[in-house]
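Worksheet for the structure shown next.
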Amino acid sequence: MDYQALAELLFPNVTETPDDVQARFPRRQLPEGAVVTRMAPSPTGFVHLGNLVQGMISERMAHQSGGVLFLRVEDTDAKREVPGAVEVLIDSLEHYSIRFDEGATHTGDNGSYGPYRQRQRASIYHVFAKKLVSEGKAYPCFCTEEELTAMREQQEANKENFGYYGKYAIWRDRSIDEIKAQIDAGNPWVLRFKSEGSIENQFKFDDLVKGKLTITENDVDNVLLKSDGIPTYHFAHAVDDELMRTTHVVRGDEWLPSLPFHIQLFKALGFNLPKYVHIGPLMKMDGNSKRKLSKRKDPELALTYYKGEGFPVQAMREYLMTVLNSNFEDWRRANPDAAIEDFKFSPKKLNPAGSLFDYAKLVDVSKNVISRMAAEEVCTLLTQWAMEFDPGFGEKLASDPEFATKILAIGRGGKKPRKDLATWKDAKDYMGFFYDEYLQKPQFDEKFDKAVISDVLNRFLEKFDIADDSGTWFEKVKAITTEIGFTTDMKAYKVDPTAFPGTVADVSTFIRQAVTGKTNSPDLYTVMQILGKDRTVARIRNVIAQL
C-alpha cells in the first residue's frame with residue numbers, strides 16, 4: 001500500500017504539515033511545574049455539581065502552580081448541542097469563582113491557542129489525520145449502518161467483545177483501488193485508527209488519583225473522523241491537548257475504559273501524554289447503600305439548585321474542598337480567616353473511589369461561612385439573591401440597606417457568632433417580621449388566659465423606655481413577672497412546675513410574640529432598639545386590641 005498516495009486521495013486539500021501547525025502554537029513560557037489544564041464540556045445545557053468539582057480541581061491545580069486554566073468547548077456532537085449552553089456554563093462557573101485565563105467566551109475566543117471550539121478546528125484535525133494515514137496508522141472505512149449493526153449482533157450472539165477489530169475490521173487492509181472506487185461512487189466514509197494493540201497485553205500506568213493501574217491494550221480500530229469530517233472526542237482531544245500544551249487532564253473516571261486508546265493515540269501521533277487526574281463520582285446515601293448522584297433522581301445535582309436555594313458561593317467552595325481534600329478541615333480550623341486560595345490543594349488526596357455528598361454537612365458549613373461574614377457583606381449578597389429569587393423581599397432590603405444591615409448585625413462577630421442562616425432562603429423567615437408586611441399574627445400558648453397575656457403587655461407598655469440599656473430593660477421584665485405571680489427562679493420552677501402559673505421565660509415570650517409574631521427571634525432587646533419606640537409600641541397595642 002502506498003500510504004502517502006492514500007493520504008493524498010483522502011485529503012487532497014490539506015497542504016499544511018504537522019510541523020506547520022505545531023509552529024503556530026509554541027510551547028508556553030511558564031514557571032517550572034506550572035500546570036496547564038482545561039475544562040472541556042459538551043454544550044448540552046445541563047451544568048451540574050460534577051462540573052463545579054472538576055472546575056475547582058482544575059482551577060486550584062493551575063493557579064496555585066502559576067499555570068493556566070482554559071475553557072475548550074467540545075461540540076463535535078452536534079446532535080447533543082443546546083443553543084446558549086456555552087454561555088450558561090460560563091456564567092454558572094463564573095458565579096462559583098471559576099476563573100478562566102483563556103478560552104471560549106460569550107463573544108468569541110480569548111487567547112492565543114484557539115479556536116477553542118472544536119467544530120471550528122476541523123482543518124487542524126485533518127492535518128494530523130492525513131499524517132496518520134500517510135504513516136499507515138489510519139484508514140477509511142465504508143461500512144454502512146446496516147453492516148455495523150449486523151456485526152454487533154453477530155458479536156453478541158458469539159459472546160465476543162463489541163467493536164471493530166480483527167476479522168470484523170473488514171476495511172482495514174483494502175487496496176487503494178477498492179478505496180478509490182468507493183470514493184468515486186460518492187460513498188461516505190469514516191476514518192479509523194489502525195490499532196496495533198492486543199487484549200492479551202497489559203501495561204502499568206500512573207494516574208494522579210487512582211495510583212498505579214494495570215491497563216489492557218486497545219485492539220479496536222476506533223473512529224477518528226466521522227463521515228462529515230468532524231472528529232470524534234478521542235481524536236480531537238488528543239490533538240487539542242497537544243497544541244494547547246495541556247500538562248494535566250482532569251476528568252471523570254467514566255473515561256478510564258477509553259484510556260488505553262488515548263494512550264495509544266498520543267503515541268501514534270508523536271505527542272507527549274499529559275498527566276491524568278481521573279476523579280471518582282459524587283455519591284449519596286440511598287438507604288444503607290451509596291449510589292451516584294443522578295440527573296433524573298436528584299435535583300441537588302444541578303448547580304441551579306444551589307443558587308436558587310441561596311447557598312453562598314463561599315459555602316459551596318468551602319464544603320466541596322472538605323469533600324475533595326480530607327486535610328482541608330484541619331487547615332481551616334487552624335486558619336479560620338484565611339482565603340480558601342491559601343490552602344494547598346493536592347489531587348493525590350482525592351478519594352479514588354469518589355466522594356460522598358452530604359447535604360447536612362453542606363448546611364452546617366454554610367452556617368459557619370455566613371456567621372463569619374460581616375453584616376454589610378451578608379446584606380449585599382442576600383439582597384442580590386433576593387432580587388432574583390424573591391423580588392418583593394429584595395425590594396424591601398434594597399430600599400433601606402442600612403436598616404437591613406442593622407438587623408443582620410444582631411449577634412454577629414465575637415468568638416461565638418449566631419448561626420441563624422444556612423442559606424439566603426432562610427433570611428425572610430428569620431428577619432421578615434421587621435417589615436410590617438411580613439409580620440404574622442402571634443399564636444399564644446392556649447394554656448395561658450388571654451387576660452393574663454393582655455395584662456403582661458399593658459404592664460410592659462407602662463414600664464417601656466426605649467432609652468433603657470439591656471440590663472434595665474430585663475429588670476423591668478422580671479418585675480412584671482413577679483407582679484403577676486409568675487416566678488423568676490427557673491431552678492425552682494424545674495423542681496416543681498405546678499407551684500407557679502408561669503415563669504419569666506413565659507413573660508418574655510408574650511412580649512416577643514407581640515413584637516415579632518414569633519416564639520423565636522434574635523435578641524428581643526436589640527429587636528426593639530432597631531424597630532424603635534413607635535413601631536414597638538404600635539405592635540404591642542395592636543395585639544392587645546385583638547386579644
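The values are calculated or read from the model by the stated rules, or taken from the named source; none is laboratory data. Just so it is clear, the structure is predicted and the values come from calculations on it, not from any experiment. Cβ placement follows ideal geometry from the backbone for every residue including glycine, while neighbour counts extend to all protein chains displayed. Note: accessible area is taken over every heavy atom of the protein model, side chains too, but ligands, DNA and RNA are not part of it. Shrake-Rupley method; radii C 1.70, N 1.55, O 1.52, S 1.80 Å.
Okay, here's what the table says:
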| quantity | calculated |
| --- | --- |
| Which label in [x] 41; [y] 54; [z] 45 gives the computed percent of Cα pairs over 35 Å apart | [y] |
| Cα-derived Rg over Rh, computed across the range 283-350 with Rh taken as Kirkwood radius | 1.03 |
| The range 281-395: translational diffusion in µm²/s, Stokes-Einstein, Kirkwood Rh over Cα pairs, 20 °C, 1.002 mPa s | 136 µm²/s |
| Accessible surface of the range 334-373 [probe 1.4 Å, protein heavy atoms]: carbon and sulfur percent | 51 percent |
| Signed unit charges on C-beta, dipole axis of the range 201-319, positive-most listed residue Leu293, Trp255, Gly270 | Leu293 |
| Convex hull volume of the range 346-430 per residue (C-alpha atoms, cubic angstrom) | 130 Å³ |
| Signed unit charges on C-beta, dipole axis of the range 286-354, positive-most listed residue Pro312, Ala338, Asn325 | Asn325 |
| Whole-Hz ³J(HN,Hα) from phi, Karplus 6.51 cos²θ - 1.76 cosθ + 1.60, for the range 460-470, glycine and proline x | 5, 4, 5, 8, 5, 9, 4, 7, 4, 7, 5 |
| Solvent-accessible surface ranking, highest first, for Val363, Val456 at 1.4 angstrom | Val363, Val456 |
| Straight-distance crosslink candidates among aspartates and glutamates, where the alpha carbon sits under 14 Å from Lys447 and sequence neighbours closer than 8 are dropped | Asp506 |
| Cross-link table Lys307/Lys419; Lys361/Lys416; Lys194/Lys349; Lys159/Lys194, entries beyond 27 Å C-alpha to C-alpha | Lys194/Lys349 |
| Spatially proximal aspartates and glutamates relative to Lys396 (Cα-Cα < 18 Å; intrachain offsets below 8 disregarded) | Glu376, Glu377, Glu388, Asp426, Asp429, Asp436, Glu437 |
| Convex hull (Cα only) mean projected area of the range 406-502, reported in nm² to one decimal | 9.2 nm² |
| Sequence-distant residues sharing a close amide H with Leu225 (under 5 Å, placed H) | Leu191, Thr232 |
| Loop trypsin sites (Lys or Arg not before Pro), the range 277-309 (other Cβ atoms within 10 Å of the site Cβ: 15 or fewer; DSSP) | Lys295, Arg296, Lys297 |
| Relative contact order [Cα under 8 Å, 6+ residues apart], the range 465-547, whole percent | 26 percent |
| Theoretical FRET efficiency, 1/(1+(r/R0)^6), r = Cβ-Cβ of Asp2 and Arg119, R0 22 Å, to 0.05 | 0.10 |
| Relative contact order, percent, the range 1-136 [alpha-carbon distance under 8 Å, six or more residues apart] | 34 percent |
| For Val249, distant residues with modelled amide H under 5 Å away | Lys275, Tyr276, Val277 |
| Sulfur and carbon atoms: percent of accessible area, the range 380-453 [1.4 Å] | 48 percent |
| Average accessible area per residue (Å²) across the range 283-377 - probe 1.4 Å, nucleic acids and ligands excluded | 51 Å² |
| The chain, dipole about Cα centre (Lys/Arg Cβ +1, Asp/Glu Cβ -1), debye to the nearest 20 | 1240 debye |
| 222 nm mean residue ellipticity, helices alone, for the chain (DSSP H n ≥ 4; -39,500 (n - 2.57); rounded to 500) | -13500 deg cm²/dmol |
| Estimated vicinal HN-Hα couplings, Hz - the range 407-421 in sequence order (Karplus 6.51, -1.76, 1.60; Gly, Pro = x) | 4, 6, 7, 4, x, 8, x, x, 6, 10, x, 5, 10, 6, 10 |
| Relative contact order (%) - criterion: Cα under 8 Å, at least six apart; region: the chain | 11 percent |
| Net lengthening on full extension, Phe448/Glu32 (0.36 nm per residue, minus Cα-Cα) | 142.3 nm |
| Signed unit charges on C-beta, dipole axis of the range 162-309, positive-most listed residue Met283, Thr216, Phe205 | Met283 |
| Residues whose placed amide H lies under 5 Å from that of Leu213, excluding near-sequence neighbours | Phe205, Asp206, Asp207 |
| Phi to ³J(HN,Hα) by Karplus 6.51 cos²θ - 1.76 cosθ + 1.60 over the range 196-203, Hz, x for Gly, Pro | 10, x, 9, 6, 7, 10, 10, 8 |
